[in-house]
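The values are calculated or read from the model by the stated rules, or taken from the named source; none is laboratory data. Given the structure is predicted, the values throughout are model-derived calculations rather than measurements. In this analysis, Cβ positions are derived from the backbone assuming ideal geometry, glycine residues included, and neighbour counts consider all displayed protein chains.
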Amino acid sequence: MAIDWQALRIEGVYRQPHEGFAMQRIKLPAGVLSAEQARGIAEIATAFARGALHLTTRGSIELHWVREENLMAVKGRLSALGLTSRGACGGAVRGVTCASQGSDGFPQVESLARRLQRHFTGNPRFELLPKKFKIGIAADDRNRGHLIQDVGLVLKKTEEGNAACDVWIAGGLGRDPQAGFLLEERVVEGRIIPLIEAVLHVYGAHAHPGKRLKHVVRELGQDSLRKLIAEQPAASMELSPPAGLPDHFVPAAAVSTRLEAPVFAGELSADDLARLAGFAETWAGGWLIVTADQNIAFQVTRDADTARKELSKLGFGSETREEQVSFKICPGNHECRMGLAPTRDVARQIIAALGPVAGAARWAISGCHNSCAQPQLADYGIVVSGLVKGEDGSRSPRFDLYRNQGEGLGDIMKDNLSPEELLDSVRCLG
Ligand code: SF4
């Protein structure tokens, strides 16, 4: 029977460009997973995904090269680990991302991310949306990640353990990037879920199929969108503060030291993930964090110097140039159907061409206009903008080079560059 790939998206599954293979994405609230879960994912990757996994720029994990006939077995194994993929792709509330792990506010961020994921995942009222709906939470606004979410939450204060957040909406990248706008300031935690519900109701009612919230604000304008949201009954609701035990597990920054295992392009072997799980058990309270930079971070609770040496012995000592340059890299045409170029190969060439000044900057490359590596947020971003057919019939990629001066989204510096012109431009940056 033919597979309905469109319907499978809600399970976090995309078809790969290679016949018979699929990608399975796994949601991790704020990028956090336990050592037990990491070891379990490593076993699944070994059994079903060629022994490797991909860390995404939204703090999720993807298993590539999963055979269609094994998708159900993978779903069962993930479920047994307490992990979900529901809504990780397709028209649903995606995994809740966080770009400020390791900050003092991270416990509140992790708690909120877990509550949001519990509330919106698998809830039929928030599935079958016109397109994806992304939520991101940050402990501060330094990295500007809140500008590119459908709902971006920025932690502003906590009272008695409860979070209050600025709520930004209607941001997004893709072919026509747009920064989000501030909907409300200092929304108390009890109002955050109802307010997001109100945004989702307006989005579902007013967006054309296949369009994100940013298109609704373009059509209606900010004032009309604000009014429609405010008219929703949920917009003025306030739930009781969360009861019970805290929802955060990563040791707080005040009592721990952050260490990071660099992972080039987020490409990690299953064996290395299992080793990092063991490291987390010994040094970091049993918790790992997939970072927005596609690395694995730990909040180490004792003897950080020895822990750093142990991490280095495992092969994560930040010793190579590829590990030292901050570079977000999407899968490109290595595995993605939309990819126009081999992003990892291009990134390696760029790293080799970088001088000391440009090498200290933050870089990102996306294999198509979807901009999954968030190139408009990096200091320098690259988007593969198209393919040009040569006289011999071969196709060569063209690149747009973005520059972000530290505010909002980056702008195009140079466009339609050949591979050689891109490398020349990179060399000129110093
Ligand atoms: S940016 Fe394009 S090529 Fe890269 S992962 Fe996203 S859709 Fe695929």
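For the stretch 113-132, residues that are out of contact with any Pro (no Cβ under 9 Å at 6 or more places or on another chain) and part of a helix (DSSP H, G or I) total 5.
Restricting ILE44, ILE3 to residues that are of a type in the set (Val, Ile, Thr), touching a helix residue (DSSP H, G or I) at 6+ places or on another chain (Cβ under 7 Å) and either at pLDDT 95 or above or within 23 Å of HIS248 (Cβ to Cβ) (or both) narrows the list to ILE44. Residues in the stretch 202-213 that are touching a Leu at 6+ places or on another chain (Cβ under 9 Å) and surrounded by 14 or more Cβ atoms within 10 Å (Cβ to Cβ): 6 in all.
Among the residues of the stretch 328-374, write down those that are within 9 Å of the ligand (Cβ to nearest atom) and basic (Lys, Arg). If the condition is that a residue be within 9 Å of the ligand (Cβ to nearest atom) and basic (Lys, Arg), then ARG337 is the only one that fits.
Table: residues versus (1) under 16 Å from the mean Cα position of the chain (by Cα); (2) of a type in the set (Ser, Thr, Tyr); (3) modelled with pLDDT under 95; (4) closer than 22 Å to GLU281 by Cα.
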position	(1), (2), (3), (4)
LEU33	yes, no, no, yes
LEU55	yes, no, no, yes
ARG67	no, no, no, no
ASN70	no, no, no, no
LEU81	no, no, no, yes
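Within the stretch 136-149, is there a residue that is surrounded by fewer than 19 Cβ atoms within 10 Å (Cβ to Cβ), modelled with pLDDT under 95 and among the polar types (S, T, N, Q)? Yes, because at least one residue in the stretch 136-149 is surrounded by fewer than 19 Cβ atoms within 10 Å (Cβ to Cβ), modelled with pLDDT under 95 and among the polar types (S, T, N, Q). Pairs linking a residue in the stretch 334-360 that is touching a residue at least 40 places away in the same chain (Cβ under 8 Å) and more than 15 Å from PRO397 (Cα to Cα) to a residue that is more than 13 Å from the ligand (Cβ to nearest atom) and assigned to a helix (DSSP H, G or I), with Cβ atoms under 6 Å and 6 or more positions apart or on different chains, are ALA353/LEU423; ALA353/VAL426; ALA353/ARG427. Of the listed requirements (1) more than 11 Å from the ligand (Cβ to nearest atom); (2) under 18 Å from the mean Cα position of the chain (by Cα), TYR402 misses just one: (2). If the condition is being surrounded by fewer than 21 Cβ atoms within 10 Å (Cβ to Cβ) and on the phi > 0 side of the Ramachandran plot, then the stretch 271-316 contributes GLY285, GLY286, ASP303, GLY315. Before we move on, is GLU62 out of contact with any Asp or Glu (no Cβ under 7 Å at 6 or more places or on another chain), within 16 Å of ARG337 (Cβ to Cβ) and modelled with pLDDT under 95? Here the answer is no, as GLU62 does not meet what is asked. Can we say GLY190 is within 29 Å of SER111 (Cβ to Cβ), touching an Asp or Glu at 6+ places or on another chain (Cβ under 6 Å), touching a residue at least 12 places away in the same chain (Cβ under 8 Å) and not in a loop (DSSP other than H, G, I, E, B)? For GLY190, the condition - within 29 Å of SER111 (Cβ to Cβ), touching an Asp or Glu at 6+ places or on another chain (Cβ under 6 Å), touching a residue at least 12 places away in the same chain (Cβ under 8 Å) and not in a loop (DSSP other than H, G, I, E, B) - is met. Only strands (runs of 3 or more DSSP E) whose full extent lies in the stretch 267-320 are considered here, and the ones with at least 1 residues that are of a type in the set (Asp, Glu) are 267-269. Of the set (1) more than 24 Å from ALA88 (Cα to Cα); (2) crowded, with 17+ Cβ neighbours inside 10 Å; (3) of a type outside the set (Asp, Glu); (4) within 19 Å of the chain's Cα centre (by Cα), all apply to GLY408 but (2).
Considering the stretch 28-41, and only residues there that are surrounded by fewer than 24 Cβ atoms within 10 Å (Cβ to Cβ) and in contact (Cβ under 8 Å) with a residue 60 or more places away in the chain, the residue that is nearest to SER111 (Cα to Cα) turns out to be VAL32.
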